[in-house]
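Enquirer: Below you'll find the structure I mean.
What follows is calculated from the coordinates using simple rules that are stated; it is not laboratory data. Computed from a predicted structure; not experimentally measured. Using ideal geometry, Cβ is built from the backbone for each residue, glycine included, and neighbour counts are taken over all protein chains shown.
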Amino acid sequence: MITGAHTIVYAADPDAARNFFRDVLGLAHVDAGNGWLIFRSPPAELAVHPAEGPDSGRCELYLMCDDLAATVEELRARGVEFTSDTTRERWGLRTTLIVPGAGEIGLYEPTHEIAHSIE
């Protein structure tokens, strides 16, 4: 029935954002036509968090990694700008980074059981 998920990042400068995902993060991609790149996402999970009012229905993007400190160091060496310090949450370690032309996304190292590799 469901064959995948299509995540959308809205960007004031889509070329800068696409270049970031292609050149900095190295995500594989296809060209859907005229430079419109569609990226292969890493394995994904979907979580539902409680919310009320205007936050209900809001979506966030967090990329996941196995070692947040090492990933932050590697991405900083590639020129990535981080907008928060690393914090420890009950579910893992997290930070935020800038996608050029698009704004902030999250990056985290989960300490909870992960779902993206179950069958």
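Enquirer: How big is the charge dipole of the chain about its Cα centre, in debye rounded to the nearest 20, if each Lys and Arg gets +1 on its Cβ and each Asp and Glu gets -1 on its Cβ?
Expert: Charge dipole, the chain, about its Cα centre: 180 debye, nearest 20.
Enquirer: How large is ³J(HN,Hα) for each residue in the range 8-19, as worked out from phi by the Karplus curve 6.51 cos²θ - 1.76 cosθ + 1.60 (θ = phi - 60°), to whole Hz, x for Gly and Pro?
Expert: Computed from phi, the couplings for the range 8-19 are 10, 10, 7, 9, 5, 10, x, 5, 5, 5, 4, 4 Hz.
Enquirer: While we're here: Would you please put 67-79, 13-25 in order of how densely packed they are, using the mean number of other Cβ atoms within 10 angstrom per residue and starting with the highest?
Expert: Top of the packing list down: 13-25, 67-79.
Enquirer: Along the positive direction of the dipole of the range 1-51 (beta-carbon charges: Lys, Arg +1; Asp, Glu -1; about the Cα centre), which of PHE20, ILE38, ILE2 reaches farthest?
Expert: Positive-most Cα among the choices belongs to ILE2.
Enquirer: Go ahead and set up a Gaussian network model of the chain, Cα springs under 10 Å, then flag whichever of SER84, SER41, SER56 fluctuates most.
Expert: SER56
Enquirer: Please name whichever of TYR62, THR111, HIS29 sits farthest to the positive end of the charge dipole of the range 7-115, dipole taken about the Cα centre and charges placed at Cβ: Lys and Arg +1, Asp and Glu -1.
Expert: Ranked along the dipole, the leading option is HIS29.
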